[in-house]
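In what follows, a single structure is set out as structure tokens and then discussed.
The values are calculated or read from the model by the stated rules, or taken from the named source; none is laboratory data. All values derive from a computational prediction rather than experimental measurement. Here the Cβ positions follow ideal geometry from the backbone for every residue, glycine too, while neighbour counts run over all protein chains shown. Only protein heavy atoms, including side chains, enter the accessible area calculation; ligands, DNA and RNA are left aside. Shrake-Rupley method; radii C 1.70, N 1.55, O 1.52, S 1.80 Å.
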Amino acid sequence: MSVYLDYAATTPVDKDTLNGMVKHANIYGNPSSIHRVGKEAKSFLESSRSKVAKMIGAKPEEIIFTSGATESNNLAIRGTLSHFKSNSNMITTNIEHMSIIETAESLANDVKYLSVDQTGLISLVELNELLDDNTSLVSLHYVNNEVGSVQPIKEIKDKLPEDVLLHIDAAQAVGHVDVNVDRLGVDLMSMSGHKLYAPKGIGVLYVRKGTHLHAQLVGGKQERERRAGTENLLYSYAISEAIKNAVESLDERNTVISSCKKMLIDGLKEAGIEFEVNGDLDNQSPHILNIYVPFSETEFLLTALDLEGIYISGGSACNAGTVTPSHVITEMYNENRAAHSLRISFSHLTTEDDITKTIEAFKKLYERLK
């Protein structure tokens, strides 16, 4: 029997959410139509929007449905920077998701990069040093997708001048840490459905009221003229249910996940397997564990574990199929460590039997390779 421990890459669709989608499939109208069928669809869409808003402490009009966190990140950065003067700059890091890094690189605006230490955290002192009169946006992961490091978002926001926007990528944060936008103080926040047991192809961008955002997809007045295109009713419903379940079950799910993570770490140690944790266990989301395994290169070990029915990754799934070492681990440590590191990610669906089988597979391979 196989063991899936790659939940940071994607999650299965929750059965209750899927059943709900089927149940509401008869709501098929275009929300922009003014007849009864259209109004029914509009009401259904807005109920999903309100549900998302309630779960993150926002107002319904601050919620934009997108195709996923990648689009949300692009819209947040491009949509806000296009409002500012041409010599404005933004601040980010080199350990962000590539949808942030590549978007930043493609813009004419100046981009400043914060360094990170081996815990994956930025320095608030360095942030203060990089800020200048032309800084208009800071864009960061809330929870890093490869090592799970949790940035001190509230402290970061408190350091910023009032006219500097803070955007966070919360794709890996929802359901694991607090995502209440008022408590965090953020101006923009990206979320992804398929990280939360909803289908692939749906995301959310929270935009604080009063934040100027220029649409990047044009051709219609949907989403209050911020994102053109006929709305995806059933997927919007799915992500609203997913976010609700994740936020309301946070403590319960994290208890299971933390137990699995500890069991795996303790089991690998007891088996005598040579490894080190990348980052700081005391400041990580419980669902991500990244380890350095000096006895084997990442690509070989992933293939060997796959043959044993253990499914994990070497880093972001967006870089799948490449042999390039993780840019996150390279930035935090070095390229050699990145070429010998693995990402294991857990779920409330993970069982003790899954962990036992994973430890046994690691032990078998370690004995063969050491």
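Annotations
- Filtered residues of the stretch 47-77 (kept if among the charged types (D, E, K, R), closer than 15 Å to residue 226 by Cβ and open to solvent by 30 Å² or more (accessible area, probe 1.4 Å)): 59, 61, 71
- Screening residue 319 on (1) closer than 18 Å to residue 10 by Cα; (2) among the polar types (S, T, N, Q); (3) modelled with pLDDT of 95 or more shows it passes everything except condition (3).
- Residue list for the stretch 256-269, filter: touching a His at 6+ places or on another chain (Cβ under 8 Å) and crowded, with 20+ Cβ neighbours inside 10 Å: 257, 261
- The stretch 147-166: number of residues that are within 21 Å of residue 102 (Cα to Cα), open to solvent by 10 Å² or more (accessible area, probe 1.4 Å) and β-branched (Val, Ile, Thr): 0
- Restricted to strands (runs of 3 or more DSSP E) entirely inside the stretch 78-146, no element has at least 2 residues that are hydrophobic (A, V, I, L, M, F, W, C) and either open to solvent by 50 Å² or more (accessible area, probe 1.4 Å) or within 22 Å of residue 333 (Cβ to Cβ) (or both).
- Close contacts from the stretch 187-198, counting a first residue that is over 17 Å from residue 212 (Cβ atoms) and among the basic types (Lys, Arg) and a second that is modelled with pLDDT of 95 or more and buried (at least 24 other Cβ atoms within 10 Å of the Cβ), with Cβ to Cβ under 8 Å and a gap of 6+ residues or different chains, come to 195/8; 195/69; 195/171; 195/172; 195/174.
- Restricting the stretch 194-226 to residues that are part of a loop (DSSP other than H, G, I, E, B) and small (Gly, Ala, Ser), the residue that is least open to solvent (accessible area, probe 1.4 Å): 198
- In this entry, residue 349 is excluded by the filter for residues that are at pLDDT 95 or above, open to solvent by less than 50 Å² (accessible area, probe 1.4 Å) and closer than 18 Å to residue 4 by Cα.
- Qualifying residue in the stretch 332-352 (condition: over 25 Å from the mean Cα position of the chain (by Cα) and closer than 23 Å to residue 254 by Cα): yes
- Number of the exception - residue 253 against (1) more than 21 Å from the chain's Cα centre (by Cα); (2) surrounded by 14 or more Cβ atoms within 10 Å (Cβ to Cβ); (3) not polar (S, T, N, Q): (1)
- When each of 123, 149 is tested for being free of Cβ contacts under 8 Å to residues at least 12 places away in the same chain and closer than 24 Å to residue 281 by Cβ, the lone residue that passes is 123.
- Contact map, the stretch 35-51: residues that are farther than 15 Å from residue 235 by Cα and at pLDDT 95 or above paired with residues that are basic (Lys, Arg) and surrounded by fewer than 13 Cβ atoms within 10 Å (Cβ to Cβ), Cβ distance under 9 Å, separation 6+ or inter-chain. No pairs are found.
- Within the stretch 179-193, if we keep just the residues that are farther than 13 Å from residue 166 by Cα and surrounded by 24 or more Cβ atoms within 10 Å (Cβ to Cβ), the residue that is farthest from the chain's Cα centre (by Cα) turns out to be 179.
- Qualifying residue in the stretch 274-293 (condition: open to solvent by less than 10 Å² (accessible area, probe 1.4 Å), in contact with a helix residue (DSSP H, G or I) (Cβ under 9 Å, 6 or more places away or on another chain), closer than 24 Å to residue 146 by Cβ and assigned to a helix (DSSP H, G or I)): no
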